[in-house]
1. Looking only at strands (runs of 3 or more DSSP E) that lie completely in segment A:1-56, which have at least 3 residues being in contact (Cβ under 8 Å) with a residue 40 or more places away in the chain?
2. Is it the case that residue B:12 is in a strand (DSSP E or B), away from every other protein chain (no Cβ under 11 Å) and surrounded by 14 or more Cβ atoms within 10 Å (Cβ to Cβ)?
3. What do you reckon, is residue A:66 within 13 Å of the chain's Cα centre (by Cα) and touching a residue at least 12 places away in the same chain (Cβ under 8 Å)?
4. When the residues of segment A:91-113 are filtered to those that are polar (S, T, N, Q) and over 16 Å from residue B:48 (Cα atoms), which remaining residue is farthest from the chain's Cα centre (by Cα)?
5. Sort out which residues of segment B:64-109 are among the hydrophobic types (A, V, I, L, M, F, W, C), in contact with a Cys (Cβ under 9 Å, 6 or more places away or on another chain) and more than 12 Å from every other protein chain (Cβ to nearest Cβ), and write them in order of number.
6. Taking segment A:93-111 only, how many residues are facing chain B (nearest Cβ under 7 Å), surrounded by 21 or more Cβ atoms within 10 Å (Cβ to Cβ) and of a type in the set (Ser, Thr, Tyr)?
7. Restricting to segment B:84-109, name every residue that is part of a strand (DSSP E or B) and open to solvent by 40 Å² or more (accessible area, probe 1.4 Å).
8. What's the number of the condition residue B:67 fails, among (1) more than 29 Å from residue B:1 (Cβ to Cβ); (2) of a type in the set (D, E, K, R); (3) free of Cβ contacts under 8 Å to residues at least 40 places away in the same chain?
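The values are calculated or read from the model by the stated rules, or taken from the named source; none is laboratory data. Note that this is a predicted model, so its numbers are computed, not measured. Heads up, the Cβs are rebuilt from the backbone with ideal geometry, glycines too, and the neighbour counts pull from every protein chain shown. The area values use the complete protein model at the heavy-atom level, side chains included, leaving out ligands, DNA and RNA. Shrake-Rupley method; radii C 1.70, N 1.55, O 1.52, S 1.80 Å.
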Amino acid sequence: DTEVTQTPKHLVMGMTNKKSLKCEQHMGHRAMYWYKQKAKKPPELMFVYSYEKLSINESVPSRFSPECPNSSLLNLHLHALQPEDSALYLCASSQPRVRSTIYFGEGSWLTVV
Amino acid sequence: GQQVMQIPQYQHVQEGEDFTTYCNSSTTLSNIQWYKQRPGGHPVFLIQLVKSGEVKKQKRLTFQFGEAKKNSSLHITATQTTDVGTYFCAGTSNYQLIWGAGTKLIIKP
């Protein structure tokens, strides 16, 4: 069982919709991540927040907009997505240190129609 | 760029046979982590190796980190149906976590 909680578990959205993915952790971690995973591929880093500040943006298109309201919460706002954005979106957290273990949530399965 | 090569991509075994997956990095790693992802699931942390030449065991799973901290392996003895899934290594180099492509363990019926 994971201590990183993601909602919703499944989301189907049209290309003109605006939706959000939410993530919460109560492990006291100060680094939080968004990953995107396509079928049969490893997770691909999108964003990293460290101490509630965006520290890494891996050249992600602006139709994905992250937000970190506090140290426990992480959101990913979605707008005008494309069908190729359909994937499993994983939230993760860790201590903001190099050798820290990264703990993943169960993911949100996103389908863009 | 920095890469972690993981092989094989797939391994089909009979239940009870052994399974091994290998990771090789183009650069020296600070550490290496191993994750398991069941079909339809999310990556679950298994273990982290930090020291050169380190070997760790978890029941039927044996993890090794090479002396040069550039390679690692995961060996499962006597596979069971519960071992099915994709095993990923992920190494830290220059503060970046670099993922291998994963090895999918398939148990033959």
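1. Details: elements: A:4-7, A:10-13, A:18-25, A:31-37, A:44-50.
Hits in segment A:1-56: A:4-7, A:10-13, A:18-25, A:31-37.
2. Details: in a strand (DSSP E or B): yes; away from every other protein chain (no Cβ under 11 Å): yes; surrounded by 14 or more Cβ atoms within 10 Å (Cβ to Cβ): no.
Judged against the criteria, residue B:12 is not a match.
3. Details: within 13 Å of the chain's Cα centre (by Cα): yes; touching a residue at least 12 places away in the same chain (Cβ under 8 Å): yes.
Yes; evaluated as a whole, the condition is true for this residue.
4. Within segment A:91-113, the subset polar (S, T, N, Q) is A:93-95, A:100-101, A:108, A:111.
Now restrict to residues that are over 16 Å from residue B:48 (Cα atoms): A:108, A:111.
Working: A:108: 9, A:111: 15 Å.
Only one residue fits best here, namely A:111.
5. Passing the criteria: only B:74.
6. 0
7. Our first condition is that a residue be part of a strand (DSSP E or B); within segment B:84-109, this holds for B:85-93, B:96-99, B:103-108.
Selection gives B:96, B:97, B:104, B:106, B:108.
8. Exception for residue B:67: condition (1).
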